[in-house]
Amino acid sequence: MPYRLFVEPFQLPFMARALAEALLLGVLGGVVSVTVVLRRLAFVSDALTHTVFPGVVIGYLVAGTGGIVWGALGFALLSAVLLTVLPSNRRVTEDAALAILLTGFFSVGVVLVSRRSSYTADLTAFLFGRILTVDRREIVETAVVTAVVLAVLAVVGKELLLRAFDPGAAAALGYRVRLLDLVANVVVALVVVAAVKAVGTVLVIALLIVPAAAARLLTGRLAVLVAVSVLVGTLGGYLGLAASYQASVYYGLRLASGATVVLALVALYVVAFVVGALRRAGGRRRADRREADLVAEAA
Amino acid sequence: MADRELSPALQFEHASVAYGRTPVVEAVHGDVHPGEAVALIGPNGAGKSTLIKAVLGLVPVVGGRITVLGRTPAQARREVAYVPQADTLDPEFPVSAGQVVLMGRYRRIGWVRRPRREDRQVAAEALRAVGLADRAGDRFGLLSGGQRQRVLLARAIAQQPRLLLLDEPFNGVDAVSQDALLTALHGLRAGGAAVVVSTHDLALAHLTCDEVCLLNRHQFAFGPTEQALTPELLRAAYGGQALVTDEAVVAR
């Protein structure tokens, strides 16, 4: 039974490729979501997922599927810069500026894609991804982006930690906080680029938030947080693919694989939530008992 | 304790600092020498925090001059340590006390590199100096307010600064932590560091500092504590909000 559930699906070449892609994205999302959660960049990340969309469309229109990654990359860098510079205007609050940028860019993408005859099919692919059709080249692209992001985080990881924890101290130490923010935004944008093909520009937000958010429910230690986050990211990809395969092959249910991966991530979050709540309750009970013992001793 | 022979660690020359066009603090004039401690005293909104940010080079000096260790504030940053109020930091943030103290070493460690054994030793010594040697592994947010403030002072000590700036370090701090902070500050001054403490606690200003800069938008006094904290000057700076008794001066 476990073999049929967890091993058999991935002996098919297309499923093996999908798994490779999902595991890479799980590592990437697991690491970067720690930055997103610690810096409270959830809304910025959401904006980035939408602002990359027109780049995906333009890349596709200009050069076919091979152009998607380059269009996405261009718009990812552009929006990372815009998101860093934009909130500096005092009269428009940051969330309002983000909302304008998000919807404006997103609409450009929709307008462009709506001019095509295969409008709905294209739109669905761009928004929700097609992880089962990733090819070798796309896996290599994801691997390269993952390597670049991990390298960037190796260079400025501790500085990003300081900036997230205490921006005042970072500035006082002479770090250029704006530059560190730009790096963080670029890293998030790169995840969107890497994940476009597999889960689409909309669902990638789950990859950017859920792993670290789930891990945060279980631990307050940074190193453990990163490890658990990567585990949740990769496990979510693996379980999601296995589940969508089971459903379609044995139960005749066609589940969108990208969305199933996201559902698996959310399910892991729920598990983390319950485990975390139980552990906290257990901790409280132990503390109460200790207190009761102390009171009894005193009496 | 002060060594008058040395050039000042911090020098204000009729300095005015401003956000945008309107000056927040004007006409600050005085020196802080190595080993000396100066209290910045004034009511809320007097501009104490802004003046500290100007010394860090984060708020522009629009008139006069501020010289830090013989250089401009921005050039001197690496030798200046800043201690924020502990309650401005997120207690849920997943870092340990030891990790926070190590942050004081980041500029010396540089990009890419990880902390070396020397950095970890300095950080451990800094935690010992504030009496928290055994708490390095504890999560920052789970410590008491006073202990968190001590960890932030330890981070500043780990930076091995020549000038230390503290923003209201005694706010909401219990007696044990207050003692630990005072002892650690004393140690830093003995080592030749100059210290600037912003506070509205006049009793603590008496206890920690030998000089006072009395502020409210502009400078009312800068000099030895006894001369600067007179009832007349305090009334002037606090606009009649200071309660002056025989024993002590209480600012409201």
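Could you work out [θ]222 nm for chain A from helices alone, using -39500 (n - 2.57) per DSSP H run of at least four and dividing by all its residues? Round to the nearest 500 deg cm²/dmol. Present the calculation step by step, with values, prior to reporting the outcome.
Values: 11 runs with 245 residues, N = 299.
After summing the helix terms and dividing by residue count, I get -28500 deg cm²/dmol.
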With each label point set 7 Å from Cα along the Cα-Cβ vector, what nm distance links A:Ala63 and A:Phe43?
-> 3.5
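Report the relative contact order of chain B, percent, no decimals, based on alpha-carbon pairs under 8 angstrom and at least 6 residues apart.
For chain B, the relative contact order is 26 percent.
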If each of B:Thr88 and A:Arg116 carries a label point 7 Å out from its Cα toward its Cβ, how far apart are those two points in nm?
-> 5.0
If you take the beta carbon distance between B:Ala190 and A:Ala16 as r and set R0 to 45 Å, what does 1/(1 + (r/R0)^6) give as a FRET efficiency, to the nearest 0.05?
-> 0.10
Whole-Hz couplings from phi, Karplus 6.51/-1.76/1.60, listed for the range B:11-18; x for Gly and Pro = 10, 9, 10, 6, 7, 10, 10, 8
Hey, got the average number of other protein chain Cβ atoms within 10 angstrom for residues in A:170-182?
-> 4
Rounded to the nearest whole number, the per residue volume of the convex hull around the C-alpha atoms of the range A:228-267 in Å³ is 49
GNM on chain B, Cα springs under 10 Å; top mean-square fluctuation among B:Val122, B:Val176, B:Val101 goes to B:Val176
Whole-percent pair-distance distribution, where bins are 5 Å wide, for the alpha carbons of the range B:61-136 = 3, 12, 17, 20, 19, 14, 8, 5, 2, 0
What number, in nm² with one decimal, is the all-direction average of the projected area of the convex hull of the alpha-carbon atoms of the protein assembly as shown?
-> 32.5
Report P(r) for the range A:11-153: all Cα-Cα distances, bin width 10 Å, range 0 to the bin holding the largest distance, values in whole percent.
-> 11, 35, 37, 15, 2, 0
For the range A:156-248, what's the relative contact order in percent, using C-alpha pairs closer than 8 Å and at least 6 residues apart?
-> 15
Pick out which of A:Val62, A:Val52, A:Val108 has the largest mean-square fluctuation in a Gaussian network model of chain A, springs linking Cα atoms closer than 10 Å.
-> A:Val62
Under the Debye formula (equal points on every Cα, no solvent term), log10 I(q)/I(0) of the range B:155-198 at q = 0.27, 0.32 Å⁻¹ = -1.06, -1.26
Residue-ordered couplings for the range B:194-202, obtained by feeding phi - 60° into the Karplus form 6.51 cos²θ - 1.76 cosθ + 1.60 and rounding to whole Hz (Gly and Pro as x), are 8, 10, 10, 10, 8, 7, 10, 9, 5
Determine how many Å³ per residue the convex hull of the Cα atoms of the range B:18-150 encloses.
-> 159
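Over the range B:28-85, calculate the relative contact order: mean separation of alpha carbon pairs under 8 Å at least 6 apart, over the residue count, as a percent.
On the way: 27 pairs, mean separation 11.9, N = 58.
Value for the range B:28-85: 21 percent.
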At a Förster distance of 41 Å, what's the computed FRET efficiency of A:Ala223 paired with B:Arg235, Cβ-Cβ distance as r, to 0.05?
-> 0.15
Mean-square fluctuation maximum in Gaussian network of chain A, Cα pairs under 10 Å, restricted to A:Asp288, A:Asp166, A:Asp46, hits A:Asp288
Rounded to the nearest Å, the spacing of the alpha-carbon centers of the range B:99-172 and the range A:115-160 is 40
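Beta carbons within 10 angstrom, averaged per residue: use that to sort the peptides B:178-186, A:15-23, highest first. Write out the running numbers ahead of the final one.
Numbers: B:178-186: 18.3, A:15-23: 21.1.
Result, highest mean Cβ count within 10 Å first: A:15-23, B:178-186.
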Amide hydrogen neighbours beyond the local backbone of B:Val62, cut-off 5 Å, H modeled = B:Ser16, B:Val17, B:Ala18
For a label point 7 Å along the Cα-to-beta-carbon line of A:Arg279, residues of the range A:217-239 with backbone N under 20 Å | A:217-236
Folded to 0 to 90 degrees: helix B:145-158 orientation relative to chain B principal axis, Cα = 80
Please list, in chain and number order, the residues 5+ apart from B:Phe222 or on another chain whose amide H is under 5 Å from its amide H, with Hs placed from the backbone.
-> B:Leu214
Unit Cα scatterers, Debye sum, the range A:122-192: log10 I(q)/I(0) for q = 0.13, 0.20, 0.29 Å⁻¹ | -0.53, -0.85, -1.27
Residues of the range A:128-152 with amide nitrogen under 20 Å from the 7 Å Cα-to-Cβ point of B:Arg114?
-> A:147-152
For the range A:259-271, what does the Karplus curve 6.51 cos²θ - 1.76 cosθ + 1.60, with θ = phi - 60°, yield as ³J(HN,Hα) per residue in whole Hz, taken in order and with x for Gly and Pro?
-> 5, 5, 4, 4, 4, 5, 4, 5, 4, 5, 4, 4, 4
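Suppose we keep just the DSSP beta bridges with both residues in chain B; what percent of those would be antiparallel, to 5?
On the way: 24 of 43 bridges.
Taking every DSSP beta bridge with both residues in chain B, the antiparallel ones total about 55 percent.
Could you sort the peptides A:75-84, B:146-155, A:269-278, B:88-97 by per-residue average Cβ neighbour count (10 Å cutoff), highest mean leading?
Values: A:75-84: 22.3, B:146-155: 27.4, A:269-278: 14.1, B:88-97: 18.5.
So the order, starting with the most tightly packed, is B:146-155, A:75-84, B:88-97, A:269-278.
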Run through all the Cα pairs of chain B and give the fraction in each 10 Å bin from 0, expressed as whole percent.
-> 8, 31, 36, 21, 5, 0
Which residues qualify? For A:Val52, with a placed amide H closer than 5 Å and at least 5 residues away or on another chain, they are none
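Only the coordinates and a few stated rules stand behind these numbers; no lab work does. No experiment lies behind these values; they were computed from the predicted model shown. For neighbour counting, all protein chains shown are included, and Cβ atoms are generated from backbone atoms with ideal geometry for every residue, glycine included.
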